[in-house]
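First the structure, in the form of structure tokens, and then the observations on it.
No value in this document is a laboratory result; all are computed from the given coordinates. Being a predicted model, the structure only gives us computed values, none of them experimental. Quick reminder, even Gly has a Cβ in these numbers, built from the backbone with ideal geometry, and neighbours come from all protein chains shown.
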Amino acid sequence: MVVDTTVEEAMNLLFPDSSPGEAMFNMALQPLVTTLDLADIETVGHTCNVAMMAVYTVEEMFPHFSDERKDAVRIGAFFHDYGKIFQPDIYKGSRKIGPDERHLFHNHVIYGREVFEGFRSHWSIHGVGDIDPRIPYVIEMIANHHQRPDGGGYPAWSIGKSGIYLRYESESEAGTSDKRRALKGDEIVPEALVIKLCDTYDALRRHRGYKPAFPHNKSVEMMYYDKRDGVSGEQNFGKDLFEFFLKNHREFKRIYDSNPSDL
């Protein structure tokens with residue numbers, strides 16, 4: 001039995017107190033890390049791995065990004081599925097979800113986004129200082145890490161004439177706006193797709209209640225073509241990102257092997 005990453009280890013690894021300001025920021029994040037762990041929806045080991053893989057990928061693919069934008073990746077990747085804690089009946093399997101209810105799975109990105117929108121507001125309202133420049137990037141990553149470059153992902157947003165994503169419309173409102181759609185192409189921040197790829201790889205490697213843990217080579221093979229959605233790796237993650245993954249898949253394996261199991 002391999003013991004999964006603890007909250008303390010995660011904080012030391014991904015949220016070091018490198019300055020007084022950073023220590024205060026990390027103090028605000030720690031309850032979220034603890035809550036994620038206690039909810040037992042996603043293990044801290046999985047989210048740590050996704051964060052480390054995503055940081056590696058962004059450093060290699062986007063060296064021109066600002067330091068704040070690159071640093072936001074470890075936060076957005078670690079908390080990418082935080083919204084799942086608000087849907088324990090779905091993600092812990094206490095009730096069966098029918099085909100006509102699959103849209104309920106989409107809601108976790110909205111809940112996660114709202115948590116960090118509130119985090120941003122609280123940070124500003126209580127006079128801690130200016131809004132941390134990383135938080136807007138974190139919100140984009142959490143909200144859109146299930147999008148697809150071809151527009152086949154989720155969630156759907158109402159798009160204004162300026163191109164700003166105004167608000168999310170729930171499935172019950174489907175069809176009320178001809179401007180409601182998923183994002184596509186350059187509308188998606190590349191970090192969101194990076195998180196999607198890293199999340200997919202690490203999840204394939206791990207045992208889940210609905211599937212076994214797949215070995216590395218099988219996981220890479222399965223990412224070439226998603227049988228459930230009928231899309232290729234390039235369609236799912238984007239051509240350049242998927243080619244980077246194929247070229248550097250052994251580094252993803254190395255990161256996974258550093259914390260291989262939830263069991």
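Structure data summary
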item	result
Under-5 Å amide H pairs with Tyr225, H placed in peptide plane, nonlocal only	Gly233
Residue-by-residue Karplus 3J(HN,Hα) for region 56-61, coefficients 6.51, -1.76, 1.60, Hz, glycine and proline x	4, 5, 5, 4, 7, 8
Whole-Hz ³J(HN,Hα) from phi, Karplus 6.51 cos²θ - 1.76 cosθ + 1.60, for region 184-201, glycine and proline x	8, x, 6, 5, 8, 5, x, 4, 5, 6, 4, 4, 4, 5, 5, 4, 4, 4
Relative exposure of Arg74, Arg228, judged by other C-beta atoms within 10 Å (fewest first)	Arg228, Arg74
Amide H contacts of Arg206 (H built 1.01 Å from N, under 5 Å, at least 5 apart or other chain)	Phe214
Region 183-234: relative contact order as a whole-number percent, Cα under 8 Å and 6+ apart	20 percent
